[in-house]
1. Any idea which of (1) surrounded by 19 or more Cβ atoms within 10 Å (Cβ to Cβ); (2) within 13 Å of the ligand (Cβ to nearest atom); (3) over 21 Å from Val265 (Cβ atoms) is the one Leu209 doesn't satisfy?
2. Between residues in the range 191-211 that are within 14 Å of Lys235 (Cα to Cα) and residues that are near the ligand (Cβ under 9 Å from one of its atoms) and of a type in the set (Lys, Arg), which pairs lie under 8 Å by C-beta distance while being six or more apart or on different chains?
3. If you scan the range 87-102, which residues turn out to be away from the ligand (no atom under 16 Å from the Cβ) and modelled with pLDDT of 95 or more?
4. For Ala66, are the conditions met, namely being more than 15 Å from the ligand (Cβ to nearest atom) and within 15 Å of the chain's Cα centre (by Cα)?
5. Report whether or not Asp23 is farther than 25 Å from Gly228 by Cα, in the same structural domain as Gln145 (by TED's automatic domain parsing), of a type outside the set (S, T, N, Q) and crowded, with 24+ Cβ neighbours inside 10 Å.
Amino acid sequence: GRTGDLAGRRVVVTAGGTREPVDPVRFLGNRSSGKMGFALAAEALARGAQVRLISAPTALTPPYGAEFVEVETTLQMLEAVRQAVATADVLVMNAAVADFRPAAPAPRKIKKEELRADEGARADAQAEAEEVLTLRLVRNPDILQELTHLSAAQTDTAAAARSAPAPLAEVSGSSPSRSSETPARPRRLIRVGFAAETHDVLSYARQKLAQKSLDLLVANDVTRPDSGFGSDTNKVYIFHADGGLEELPVMPKEEVAAAIWDRIVPLLGTN
Ligand code: C5P
């Protein structure tokens, strides 16, 4: 009986695992299948939302009716999310985002014949016996954290736009100015994060909820065979901003998705 409770809402869901290029043929990736994110998008569509699904590569077919945006790297995902949340009510950040990327992806395929011990490798004891290739990584931006500032700034702009007389619309097609058909941005973007942990799930989850000032954080232990990466079922804990914690039983990812939207809907209020 939840049909239509997201009608008129714009939601953004991210899914999949980002890929960071090492050279033109290789990347650093992770084990995210995208199943949970695609299930979240499908459930939001079924409840009447307008859904933009921003996904890193997966083997899945996007749900019919979703606006599908394919990205590869964390930086590309950040850009796509930034654009999407400008008019969204909810961001569900389910993607497994790479925390690091190669500092300087090679412009040509790295050949083993070109391998030579660099200074880092020489310092390594193993380098005496084995050929070592050192890959330098740099920290990626945290998308959720970036949006903490961004959404606050945008919310101010939106509030100002509502109270001030509308400026004359520009006629240029490429103008980013909002037309009168674009609904005013919601007062506040509801942000939901995920935590995939192999240990100390609950304590890391509480930290993350606070650090990223999320409305909800969904945590799962990815070491369970019936939960996490690639699995069709998931066992999750849902942390609420007010300190509340719920433990859900192992369920198919579609049912977990429904349970998550059940908890997001009341947060939307009368935005
Ligand atoms: O800190 P950790 O990566 O465990 O936090 C997980 C949550 O933060 C997920 O919702 C993930 O999508 C999001 N995240 C992000 N940008 C990153 C890393 C994670 O938005 N660079």
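The values are calculated or read from the model by the stated rules, or taken from the named source; none is laboratory data. Since this is a predicted model, take the numbers as computed values, not measurements. Glycine also receives a Cβ, built like all others from the backbone with ideal geometry; neighbour counts cover every protein chain displayed.
1. Failed condition: (3).
2. From residues that are within 14 Å of Lys235 (Cα to Cα), the pairs are Ala195/Lys208.
3. The answer is Asp89, and nothing else.
4. So Ala66 fails the test.
5. Spelling it out, it is not the case that Asp23 is farther than 25 Å from Gly228 by Cα, in the same structural domain as Gln145 (by TED's automatic domain parsing), of a type outside the set (S, T, N, Q) and crowded, with 24+ Cβ neighbours inside 10 Å.
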